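A.B. asks: Structure provided below as structure tokens; questions to follow.
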Amino acid sequence: MLIPCLACDSRFVPDDYFRACSSYHRGMDLVSWTCPRCGNRDDLRVLPGELGFGYPHQGRYDVLARVRVPGLRRQRGDMRLDISLGRVSWRVPAGRRPA
Ligand SMILES: [Zn+2]
């Protein structure tokens with residue numbers, strides 16, 4: 001299972017991909033991600049079994065593209081988002097709203 005960067009098409013194993021998540025914006029339900037290869041910064045929504053990519057629009061976030069990640073799970077906390085896949089999990093701390 002490899003997850004692509006939508007900017008440069010590099011593909012990452014889940015551990016490398018999710019460790020590049022820097023902060024979670026709870027209000028918009030978005031995770032900030034920076035590509036370790038090309039440096040592109042993106043916002044994405046972690047959903048059960050997939051990642052959603054899109055654009056903020058009138059205070060909402062419209063998901064336009066989805067990348068399937070079978071088995072992906074998420075759990076929202078007050079100050080973080082926990083992402084898990086199989087027996088591995090990653091904790092993304094809540095931060096400022098995406099630019
Ligand atoms: Zn990239």
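A.B. asks: Using the count of nearby Cβ atoms within 10 Å as a rough guide to exposure, how do Val67, Val92, Val13, Val31 rank from fewest to most?
C.D. replies: If I rank by nearby Cβ atoms, fewest first, I get Val13, Val67, Val92, Val31.
A.B. asks: Compute, for the chain, the length of the dipole vector about the Cα centre, with Cβ point charges of +1 (Lys, Arg) and -1 (Asp, Glu) only. Units Debye, rounded to 20.
C.D. replies: On the way: 17 positive and 10 negative charges, 43 e Å.
Magnitude of the dipole: close to 200 debye.
A.B. asks: Could I ask something else about it? For the chain, which cysteines have no second Cys with its Cβ under 4.7 Å from theirs?
C.D. replies: Cys21 - these cysteines have no disulfide-compatible partner (Cβ-Cβ under 4.7 Å) in the chain.
A.B. asks: Moving on to the next point. Neighbour counts of other C-beta atoms within 10 Å: give me Met79, Met1 arranged from fewest to most.
C.D. replies: Numbers: Met79 10, Met1 14.
Arranged by neighbour count, lowest to highest, Met79, Met1 become Met79, Met1.
A.B. asks: Mind checking which of Cys5, His57, Ser84 is farthest towards the positive end of the chain's charge dipole, using Cβ charges of +1 (Lys, Arg) and -1 (Asp, Glu) about the Cα centre?
C.D. replies: Checking the options against the dipole of the chain, the answer is Ser84.
Bear in mind these aren't lab numbers, they're just calculated from the coordinates by the rules spelled out. Just so we're clear, the structure is a prediction, and the values are computed from it rather than from any experiment. Counting neighbours? That spans all protein chains shown, and the Cβs are built from the backbone with ideal geometry, glycine included.
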